[in-house]
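One structure is given here, and the rest of the page talks about it.
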Amino acid sequence: MLGKYGHEADKLVYTFTDRGDRQVGLRYDQTVPLARVLSQHQHQLLPHFRRYQIQNVFRADKPQKGRFREFTQCDLDIIGSSHPVADAEILAATFTAFKALKFPQTVFHLNDRQGLIDTLSPFATAGTDVFSIIQTLDKLDKLGQERVLAELTGKGIQPEAASALLSTINGLRPSDALNHLISLAVSLGVPAESLIFTPTLARGLDYYTGMIFEVSVPGYETGALGGGGRYDRLIGELGGPDLPAVGVGLGFDRILEAAEQLNLIPGTSDSVLVLVTLFDSTTTPQSLETAKSLRQAGIPTEVFPNLDTLSKQLAFASKKHIPFVIIIGEEELGANQLTLKTMATGEQEHLSLSQALSKLSKRVPAAPVQ
Ligand code: AMP
C-alpha cells in the first residue's frame, strides 16, 4: 500500500503489526484496492469496465469536524479508456448524484495534473521534487498562501522562487484538453457554471496523471464532498495491465453532514404518516392487523408500542409531527371500522379499512429519485 499515495498521504495510512508479527495496513481508499483487483482479474474483464463501490476507509488523521478516522467512501470508476468522454462521464455521474440528493448547486474545481507537473517542474530542486511541491500546494485551502509559502521555503525552495511559483500557478489558463473535457461534461448535462478551472487545485495523491477535481456545495464550508481524477499508470504500477482509469471518491459522511446543514433531509418522524394507537389488549390484534395493511399498501406507519392513555398517544403523535392517527377501540371493533384523526384540524372520521387506505395512499410522498 505504501509508496502509491505519496509521502503526505502515506503518513495517514493506518499500519500496525498484528499478533503474528505481520505488518498490516487498513484500507486508506478504494482506488489502490481496485487497482489490485484489476491486476488479479484482468483476463475476466471487458475492455471497458465501470464499477461503483461503497465501503469504509481508515485514516490516521486528527479527528475534527468533517474529518474522521473511519468514514465511508462511495467510489465510481471507469477503467480502460483514456478518452476524455470517460472523465466527463465521471463528472456527469457525480453531478447527477448531487442533483438527486437535491443539493441546489454543485461546484467542481478542476485542474490538469499534467499541466501542474509541467508548470512546477522548473521549480523543483535536488531536495524537493515536483510531487513534494504539489503536496504542499494541496494545503492551500487549509493553510492559506502565507503558510504554504513558508512550507515551500522550509523545503529548501528560495523565497523568491516560492512566490514566483504561486503567481505562475495563479496566472495559468485551462489547457485545450481541459476545455474539451469541460465541453463534453456540459453535453452530458453538467452546467458550465458548475465547472470551475482552479489552477491551484493539487490533490495530494501522487497517482493522478491527468484531470483532477474536487466537488463541493455552497453553504457547506467544512471541505470537499468528493474528489477524483485520472490515474493512468496506477494499475500497471501495481503489477496489473497497463490500463488507463478515471474515477471519483465521494465522502458519504460529509455529504450527510452537508445535507443536514442545508435541511435536505426530512426529519425521520416527518416521514411517518400514521400512528396506530393501542387501546387495550382486546383491540390490539385489530390495531396490529390495520398497521400491517397500511404498511403493505406502502403507507409509512408507526404503532404506539405501549398501552397508554389516548391523550398521551395523541400528544406523542403531535410531538413527532405525525399527521394522522388511527384509533380502534371497542366501538370501532364492533362496527368493523376505525377512527381516523387528522391532527392538523382535529377532524375525526369513521372509516372502513379500505376507505382509510385509499385516503392515506394519496398522502404518501413520492418515492425518492432512484
Ligand atoms: P480524498 O480522495 O482523500 O480527497 O477523499 C475523497 C473524499 O472523502 C473527500 O472529498 C471527503 O469528502 C472525504 N474524506 C476524506 N478524508 C476524510 C476524513 N478524514 N473524514 C471524512 N471524510 C473524508
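The values are calculated or read from the model by the stated rules, or taken from the named source; none is laboratory data. Because the structure is predicted, anything quoted here is derived from the model rather than measured. Counting neighbours? That spans all protein chains shown, and the Cβs are built from the backbone with ideal geometry, glycine included. Protein only, heavy atoms only, side chains kept; ligands, DNA and RNA dropped before computing areas. Shrake-Rupley method; radii C 1.70, N 1.55, O 1.52, S 1.80 Å.
The set of residues in segment 196-225 that are hydroxyl-bearing (Ser, Thr, Tyr) and in contact with a Ser or Thr (Cβ under 9 Å, 6 or more places away or on another chain) comprises Tyr207, Ser216.
Consider Leu143 carefully, then state whether it is touching a helix residue (DSSP H, G or I) at 6+ places or on another chain (Cβ under 9 Å), in a helix (DSSP H, G or I) and surrounded by 16 or more Cβ atoms within 10 Å (Cβ to Cβ). Answer is no for this residue. Just checking, does segment 1-22 include any residue being free of Cβ contacts under 8 Å to residues at least 40 places away in the same chain and under 19 Å from the mean Cα position of the chain (by Cα)? No, segment 1-22 contains no residue that is free of Cβ contacts under 8 Å to residues at least 40 places away in the same chain and under 19 Å from the mean Cα position of the chain (by Cα).
Across segment 49-59, a minimum of one residue is classified as part of a strand (DSSP E or B), in contact with a Cys (Cβ under 8 Å, 6 or more places away or on another chain), within 15 Å of the ligand (Cβ to nearest atom) and polar (S, T, N, Q). If you go through segment 219-255 and keep only what is more than 10 Å from the ligand (Cβ to nearest atom), outside any loop (DSSP other than H, G, I, E, B) and surrounded by fewer than 18 Cβ atoms within 10 Å (Cβ to Cβ), you end up with Gly236, Glu237. Among the residues of segment 265-295, those that are open to solvent by 50 Å² or more (accessible area, probe 1.4 Å) and of a type outside the set (S, T, N, Q) comprise Ile265, Pro266, Asp270, Phe279, Pro285, Leu288, Glu289, Lys292, Arg295. Summed over segment 195-212, the residues that are farther than 18 Å from Val246 by Cβ and modelled with pLDDT of 95 or more give a count of 1. Checked against the criterion of being within 11 Å of the ligand (Cβ to nearest atom) and of a type in the set (S, T, N, Q), the candidates Ser194, Ser216 yield just one match: Ser216. In this structure, Leu26 does not qualify as buried (at least 17 other Cβ atoms within 10 Å of the Cβ) and under 18 Å from Gln53 (Cβ atoms).
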